[in-house]
Amino acid sequence: MKTHVSTTLNGDAVEFLCTPSETLLHVLRNEIGLTGTKEGCGSGDCGACSVMLDGALVCSCLVLGVEAEGSQIETVEGIAHQDKLHVIQEKFLEHAALQCGICTPGLIVSTKALLEENPQPTEEEARYYLAGNLCRCTGYDKIIKAVMDAADVMRQGA
Amino acid sequence: MAALTYHAPDSIDAAIALLADASSPPKVMSGGTDLIIQMQRPKAPDTFVVDVKKIPGMREAEWSDDGLTLGPAMSCSEFTKRGDIKSVFPGLVEAAYLIGSTQVQGRASLGGNLCNASPAADTIPALMANHAICVIQGPGGTRHVPVEAFVTGVGKNCLEKGELLAALILPKPTPGTSDAYLRFIPRTEMDIAVAGAAVSLTLDHKGVCQRARVAIGAVAPTAILVPEAEEILVGQPISDDVLERLAKAASDAASPITDRRGTVEFRRQVVGVLTKRAALIAAERAGDQS
Amino acid sequence: MSEAREYQHIGQRTIRPDGFDKVTGKANYGADLSLPGMIWGAILRSPHAHAKITALDVSQAEAHPDVFAVATYQDFPSVNAEALAAGTARKDLVDTAANVLADTKVLYHGHAIAAVAARTEAAAQAALDLITVAYDVMEPVLTIDAAIKDGAPVLHDDMMTQGLAEPASVASNIAARMELKKGDVAVGFADADVIVERAYETPTVHQGYIEPHATTVRFDDNGPSMIWCPTQGHFDVRARVAQLLNMELGQIKVVASEIGGGFGGKTTVYLEPVALILSKKSGRPVKMTMSREDVFRASGPASASQSTVKIGAKSDGTITAMQASLHYEAGAFKGSPMGPGCMTIFTPYDVENMYVEGFDVVVNKPKAAAYRAPGAPQAEFAAEMAVNELASKLGMDPIDLRLKNAAKEGTQTIYGPKLKTVGLEACLLAAQSSPHYQSALKDNAGRGLAAGFWFNIGGQSSVMIHLNPDGTGSIIEGSPDIGGSRASMQMMAAEVLGVAPATLNPIVADTEHVAYNQTTGGSRTTFATGMAVIEAAEDIIEQLKARAAELWNVTPEQVDYQNGIALNLSSDDHLSLAEICAKAEKTGGQITGRANINARGAGPSFAVHLCDIEVDPETGKTDVLRYTAIQDAGKAIHPSYVEGQFQGGAVQGIGWALNEEYVYSADGVMENAGFLDYRIPLASDLPEIETIIVEVPNSFHPFGVRGVGETGIVPPLAAVGTAVSEAIGLPVTSLPCSPPKLLKMIMEQG
């Protein structure tokens, strides 16, 4: 028996049906059709499924779809403004902070959460905050450079 | 994934009624970071989930004259941002901060970590070192259980059918008291503790130890108190010699296993090292408190 | 074209053309495609590491109302034992088929046995319980020693060791033996003043791509069937599926989705043939995904290895002999990268006397797959550790020792060819003068360095470039983009044609829309597909000149083309590419350039890495303090993506050396089949990865390109191993350098 859920997703009112055992990740990808949030492990160990839930950075594979009732969810699809990229997204491209790109949506969401909480992180703080986002391609070097550069630009009010 | 029925009651009484009458094995859901993984295991039984996050008070932390009353479903992320709690219980806060990644922190809770009762849970040694008390509510009323009696085995706690953990009480420490928690993991984040040590110390203004409580984790089926810690520490300044003896006592108290995260020898050795290092940090902090 | 020159676009750090979609979540990866009417497939996997299948009954599953179709090994008609005996099937495809769905035996825990397709994922999983399998459980073989000892349980009754002097008469677990030699090591060792001899071992590790395997397929009786999957080689997927399902190549279209990492692990098939069978039988599109656990249990890891290395040198540092014996775990079926391991191990050295012997050994673990420079990290770890120990014994700086014996142009390799121009010496010198090497070392820390080599390949690439009437265009290529190669294709085409890169849109086409392209692997893409792009662009230039000639009423020889402009040499007239395109209709139709090549002349890439590691003496915990990766790229088309390859390979190697390993129970069950306990490096585990791009051009490529993707994973194992050895004052011989291992060594030392 499916549950009817009403939620706010990237600012839009959205309704969906899901069984109670379906995770929010599964709902986003399969019921709602937003495949930008990725499944890398399904157990909260890789961060590829990162979304914002009521202002907290979470792994959507560890949230039940039914918990979205009455909540505010932000996914990678909600970060750019139509065709205008967020500074974080621009910096990821500028610094070549992605190779295959599968971890990138999770990292974009997590970086935005980081910089909202801590607009001036040290490199160490950034690395520890983002430790839950695994990347196998880049060795993280250019990712951190992009994050630090985005932080600088965002602090200058760009 | 197992089939679920899901309820999110808005009062403790409603939660208790649901748990007491549950058709399939009931599970209280807090952050869900352990529960959802368990429910996805092959052959996991159908589960009756009672989500307690909407119950008033379950996600709040408030001070009273007795100390801190902590809602067990408060996320680690919210908990660790509380500077007022960190200044009194820095070790407990750092234990909570070490659970998983930032994403897990956004959901995981101290209550969930405690009730899940993993031998390697980070908060349990720190709760024990700080004399935490569990407030349990159920069909039979309310009872208080010291945290060291709450966990009864690997993944097992003392909750009876229909009961839930309604609050944790952290008694206000005497002046000159502080705590610390350290754990060993092979990487810098994310890993389950291979060994953990929590120390709470009270020092007088001369730096002599008045009270001590040491708990170690991931080196036995449950977190355990190190019985000789008081004997070794009380009445002494925190010297290198005292710390070495404390390390040995911790190693001796441990009964670790070998698994994919560490060997018996490694855990036994490292828990001693962590205990003495945590004691030193707790002592420095306690010195700042008196 | 290989002298140093100024480029308009080559060497710039452009924004990759596929980048917008990747940072917004629009890019579609393997699990992102759903089709109308789609159903879900699930796989039944073996609970035993080694067993005979004595009965398999799928009838109950087939009869269930939710189940649309069931697949077993019987659905591969053309690759069974009869076909093999008749010579109509290749042995390696028989192995692939039996790996994809087990034949008469299950050979590792997690080995796929059968599959069902049902309306939902949950229904498919539930339906697996309706399949009954009876097993005759056998003892598993889980290590090389266990596999090769007398009386070991044998995985394949027909496995007769290849490559022996006397043919094998009894089946064993050694699939093959190989030997390579140069000169006479006996003479070399007799001449030596100092000898180092050690045994080393490396664990089974996984490529660790963050995207699990996934596919969506639609079988079609009336036209090509469609397979959508993340793969490094969609043409290879097509070929394998065609063979397994007895179809013609033209009956299958494979669309390469965006790919979330491969590193060699996505160069085979797991789900695709199974999904296609289910789709054929059910008449519906089918989607299948692997869980992360499945990826660890049932997709190909990199081979574990055991090696012994012996090196002799004179006291002045001249190496006189190098010898090795290498054993590799192939997993359940033959085919470890033992061969490349033997070929690469000593190639950084110009030494007269070498002897290498290698063994490919099967064990009850998943069938090994390629992982970045397959075979080389394991072998060169052993060699480089031994060379560093030799340097220590000789009292020589490890860079000086390598400089003295460095492979260079003209060096005779042990595997046959002589090296052409290579950049090892340049890398060694760059290492020596690097800020890292010049810096002081922290207390409690050790410093290690190591060299690395990988051949790189060329091979077949096919490219078309279509120009539009306004001069914009598409570059149609067929190399799945695993690291940003579309940017480089765009830049190379733009450089040749003299236009802005953004006017040319690079597309990785499916197998119907472009001719055959070899798998993206072997560090071939920028080299070989780049070469095809350049040739296709040059083909366009010839056509542009001819069109301009017609417009000017001159001969094509009177037309020159530079920087995007055609010049009439007999007057002052000029026309831009766009202007010529605007008149294409009048001069014979639209303009397409093409090149279908088999690229030769791939240049090998050498690297040298430096690493500083601190070890906590009370806990064995390691901390990477500083890391520098230096590698010869020939010519860096897009420096950011070249640096990215260096850094990615370095960090994978650091993980391999410090914390990654498959942990098995005595029953052959992997105990750490997830990212929690299979510990790949995190952002917080690492410092900045400094990079130095060395450019010793490869004269066989128009821009001097050498492949760079793979070499970078080779040096870190010994750079880390040596740094740890230096830090703790004890020789590390076994990877990973996990804290329990290190603490044990430290405590035993006292």
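The values are calculated or read from the model by the stated rules, or taken from the named source; none is laboratory data. Since this is a predicted model, take the numbers as computed values, not measurements. For neighbour counting, all protein chains shown are included, and Cβ atoms are generated from backbone atoms with ideal geometry for every residue, glycine included.
Numbers at a glance
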| quantity | calculated |
| --- | --- |
| Restricting segment C:1-40 to residues that are of a type in the set (Gly, Ala, Ser) and surrounded by 21 or more Cβ atoms within 10 Å (Cβ to Cβ), the residue that is nearest to the chain's Cα centre (by Cα) | C:30 |
| Residue B:95 closer than 28 Å to residue A:70 by Cβ and more than 10 Å from every other protein chain (Cβ to nearest Cβ) | no |
| Check on residue A:66, within 11 Å of another protein chain (Cβ to nearest Cβ), in a strand (DSSP E or B) and at pLDDT 95 or above | no |
| Unmet criterion (only one of (1) within 11 Å of chain A (Cβ to nearest Cβ); (2) of a type in the set (A, V, I, L, M, F, W, C); (3) crowded, with 21+ Cβ neighbours inside 10 Å; (4) not in a helix (DSSP H, G or I)) for residue C:737 | (1) |
| Exclusive hit being part of a helix (DSSP H, G or I), closer than 30 Å to residue C:390 by Cβ and of a type in the set (Gly, Ala, Ser), set C:450, C:431 | C:431 |
| Any pair with Cβ under 6 angstrom, 6 or more apart, that starts in segment C:32-53 at a residue that is under 20 Å from residue C:66 (Cβ atoms) and within 14 Å of chain A (Cβ to nearest Cβ) and ends at one that is among the charged types (D, E, K, R) and part of a loop (DSSP other than H, G, I, E, B) | C:39/C:119; C:39/C:284 |
| Residue under evaluation residue A:109, criteria (1) of a type in the set (Val, Ile, Thr); (2) within 13 Å of chain B (Cβ to nearest Cβ); (3) within 23 Å of residue C:654 (Cβ to Cβ), criterion not met | (3) |
| Verdict on residue A:50 being surrounded by 23 or more Cβ atoms within 10 Å (Cβ to Cβ), more than 8 Å from every other protein chain (Cβ to nearest Cβ), under 14 Å from the mean Cα position of the chain (by Cα) and farther than 21 Å from residue C:483 by Cα | no |
| Any hit, segment C:372-389, residues being surrounded by 24 or more Cβ atoms within 10 Å (Cβ to Cβ) and more than 22 Å from residue C:337 (Cβ to Cβ) | yes |
| Residue check, residue C:721 buried (at least 22 other Cβ atoms within 10 Å of the Cβ) and not in a loop (DSSP other than H, G, I, E, B) | yes |
| Test: residue in segment A:69-87 that is assigned to a strand (DSSP E or B) and touching a Lys or Arg at 6+ places or on another chain (Cβ under 9 Å) | yes |
| Residues that are within 14 Å of chain A (Cβ to nearest Cβ) and touching a Cys at 6+ places or on another chain (Cβ under 7 Å), drawn from segment C:453-502 | C:482, C:483 |
| Residue tally, condition more than 27 Å from residue A:102 (Cβ to Cβ) and either of a type in the set (D, E, K, R) or touching a helix residue (DSSP H, G or I) at 6+ places or on another chain (Cβ under 6 Å) (or both), over segment C:194-217 | 6 |
| Unique match (being over 27 Å from residue C:461 (Cα atoms), in a helix (DSSP H, G or I) and not basic (Lys, Arg)) among C:548, C:536, C:528 | C:548 |
| Matching strands (runs of 3 or more DSSP E) fully within segment C:196-273 where at least 3 residues are β-branched (Val, Ile, Thr) and within 14 Å of chain A (Cβ to nearest Cβ) | none |
| Unique match (being touching a Phe, Trp or Tyr at 6+ places or on another chain (Cβ under 7 Å), within 11 Å of chain B (Cβ to nearest Cβ) and part of a loop (DSSP other than H, G, I, E, B)) among A:98, A:114, A:134 | A:134 |
| Test: residue in segment A:139-151 that is in contact (Cβ under 8 Å) with a residue 40 or more places away in the chain, within 7 Å of another protein chain (Cβ to nearest Cβ), within 20 Å of residue C:207 (Cβ to Cβ) and part of a loop (DSSP other than H, G, I, E, B) | no |
| Filter pass, residue B:4 being at pLDDT below 95 and within 19 Å of residue A:53 (Cβ to Cβ) | yes |
| Residue count for segment B:262-285, restricted to those that are within 9 Å of another protein chain (Cβ to nearest Cβ), within 20 Å of the chain's Cα centre (by Cα) and more than 16 Å from residue B:245 (Cβ to Cβ) | 2 |
| Some residue of segment C:148-163 being more than 30 Å from residue A:19 (Cα to Cα) and in a helix (DSSP H, G or I) | yes |
| Unmet criterion (only one of (1) outside any strand (DSSP E or B); (2) in contact with a Lys or Arg (Cβ under 6 Å, 6 or more places away or on another chain); (3) in contact (Cβ under 8 Å) with a residue 60 or more places away in the chain) for residue B:173 | (2) |
| Selection from segment C:204-249 of residues that are over 26 Å from residue C:336 (Cα atoms), of a type in the set (A, V, I, L, M) and touching a Ser or Thr at 6+ places or on another chain (Cβ under 7 Å) | C:217, C:227 |
| Matching residues, segment C:286-321, being buried (at least 24 other Cβ atoms within 10 Å of the Cβ), in contact with a helix residue (DSSP H, G or I) (Cβ under 8 Å, 6 or more places away or on another chain) and in a loop (DSSP other than H, G, I, E, B) | C:303, C:304 |
| Residue within segment B:218-227 that is assigned by TED's automatic domain parsing to the domain that holds residue B:272, modelled with pLDDT under 95 and assigned to a loop (DSSP other than H, G, I, E, B) present | yes |
| Failed item in (1) surrounded by fewer than 19 Cβ atoms within 10 Å (Cβ to Cβ); (2) assigned by TED's automatic domain parsing to the domain that holds residue C:63, with residue C:143 passing the rest | (2) |
| Residue in segment A:21-38 that is farthest from the other protein chains (Cβ to nearest Cβ), counting only those that are assigned to a loop (DSSP other than H, G, I, E, B) and of a type in the set (S, T, N, Q) | A:37 |
| All positions within segment B:10-68 that are in a helix (DSSP H, G or I) and of a type outside the set (A, V, I, L, M) | B:13, B:21, B:38 |
| Options B:191, B:240, B:204; residue that is within 14 Å of another protein chain (Cβ to nearest Cβ) and surrounded by fewer than 19 Cβ atoms within 10 Å (Cβ to Cβ) | B:240 |
| Members of segment B:48-66 that are surrounded by fewer than 20 Cβ atoms within 10 Å (Cβ to Cβ) and of a type outside the set (Phe, Trp, Tyr) | B:53, B:54, B:56, B:57, B:60, B:61, B:62, B:64, B:65, B:66 |
